[in-house]
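The values are calculated or read from the model by the stated rules, or taken from the named source; none is laboratory data. Nothing here was measured: the structure is a model prediction, and the numbers come from that model. Cβ: placed from backbone, ideal geometry, glycine included. Neighbour counts: every protein chain shown. The accessibility values were calculated without ligands, DNA or RNA, using every heavy atom of the protein model including side chains. Shrake-Rupley method; radii C 1.70, N 1.55, O 1.52, S 1.80 Å.
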Amino acid sequence: MKIQKSIALALTLILVSFYSCDELDELTDFDINEDFNTTINVSVSEDSEGNPATLNETATLSITTNQDIQDNLDLIQDVTINSLTFEIDNYVGAEEVTVTSATLNFGDTIIAVADIELKTSDDNNTVYNIAEASQLNAIGNYLESNPTLTITLMGTISSTPAEFDVIVDLDTTVTIDAI
């Protein structure tokens, strides 16, 4: 009978200690919510005389612009992408110029983008939302070990010359494990 009570007590202590360790670990975690953005500047000055031209422009985004993240780079436990949007801004060029066959590449993650009529998009301040969970998770996973992300716009523009900006906004939650 004493052995059964001892075993029961030992199992109870083990369960409590595991539970307590998990709870303690959660107490040492803290979240940093930050909205990071960058701008891809596109300038195709050469006149294509109405013919399509290829786009390939890049920008970088670094989560280390937040000092708390910079100070705890080695302690990043998780990066969650809460939302990812982009917008066309400052368009200068002919009307009805369209970007087609476009992709936005975030490190190793390639996201296909629907055709965009640049002037209309800029005039209407259209914000494009990227909501595919697997893509957002892949970008978050990349940022866990690579704090700087190269973003590349690739595609075809229907006519040049044209200039515009692509403003990329990445709303994140970075979890730091202090212990």
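Which one of these is within 19 Å of ASP47 (Cα to Cα) and surrounded by fewer than 18 Cβ atoms within 10 Å (Cβ to Cβ): GLU144, GLU163, GLU117? Give the steps one after another, and end with the answer.
Numbers: GLU144 fails: within 19 Å of ASP47 (Cα to Cα); GLU117 fails: surrounded by fewer than 18 Cβ atoms within 10 Å (Cβ to Cβ).
Criteria check complete, one pass: GLU163.
Could you figure out which of (1) out of contact with any Phe, Trp or Tyr (no Cβ under 6 Å at 6 or more places or on another chain); (2) over 24 Å from THR172 (Cα atoms); (3) free of Cβ contacts under 8 Å to residues at least 40 places away in the same chain isn't true of THR98?
(3) is the only condition that THR98 fails.
Write out, first by first residue and then by second, each pair whose Cβ atoms fall under 8 Å of each other, whose residues are 6+ apart or on separate chains, and whose first residue, in the stretch 115-129, is farther than 19 Å from MET154 by Cα while the second is outside any helix (DSSP H, G or I) and of a type in the set (S, T, N, Q).
Pairs that qualify, where the first residue is farther than 19 Å from MET154 by Cα and the partner is outside any helix (DSSP H, G or I) and of a type in the set (S, T, N, Q), are THR120/THR126.
Return yes or no: is LEU15 loosely packed, with under 11 Cβ neighbours inside 10 Å and either among the polar types (S, T, N, Q) or at pLDDT below 95 (or both)? Write out each step before concluding.
Working: loosely packed, with under 11 Cβ neighbours inside 10 Å: yes; either among the polar types (S, T, N, Q) or at pLDDT below 95 (or both): yes.
Answer is yes for this residue.
For the stretch 91-102, give me each residue that is among the aliphatic types (A, V, I, L, M) and open to solvent by 20 Å² or more (accessible area, probe 1.4 Å). Show your work before the answer.
Filtering the stretch 91-102 down to residues among the aliphatic types (A, V, I, L, M) leaves 92, 94, 97, 99, 102.
Across the stretch 91-102, the qualifying residues are VAL92, ALA94.
Can you run down the residue pairs with Cβ atoms below 8 Å, 6 or more apart or on separate chains, where the first is in the stretch 141-156 and at positive phi and the partner is buried (at least 17 other Cβ atoms within 10 Å of the Cβ)?
Filtered contacts from the stretch 141-156: GLY155/LEU55; GLY155/VAL99; GLY155/ALA102; GLY155/VAL113.
Looking at ASP47, ASP35, ASP78, which one is at pLDDT below 95 and either closer than 16 Å to THR160 by Cα or not in a loop (DSSP other than H, G, I, E, B) (or both)? Talk me through it step by step, then tell me what you get.
Values: ASP35 fails: at pLDDT below 95; ASP78 fails: at pLDDT below 95.
Result of the check over ASP47, ASP35, ASP78: ASP47.
Got a sec? Which of ASN105, ASN125 is part of a loop (DSSP other than H, G, I, E, B), at pLDDT 95 or above and surrounded by fewer than 19 Cβ atoms within 10 Å (Cβ to Cβ)? Steps first, answer last, please.
Working: ASN105 fails: part of a loop (DSSP other than H, G, I, E, B).
The match here is ASN125.
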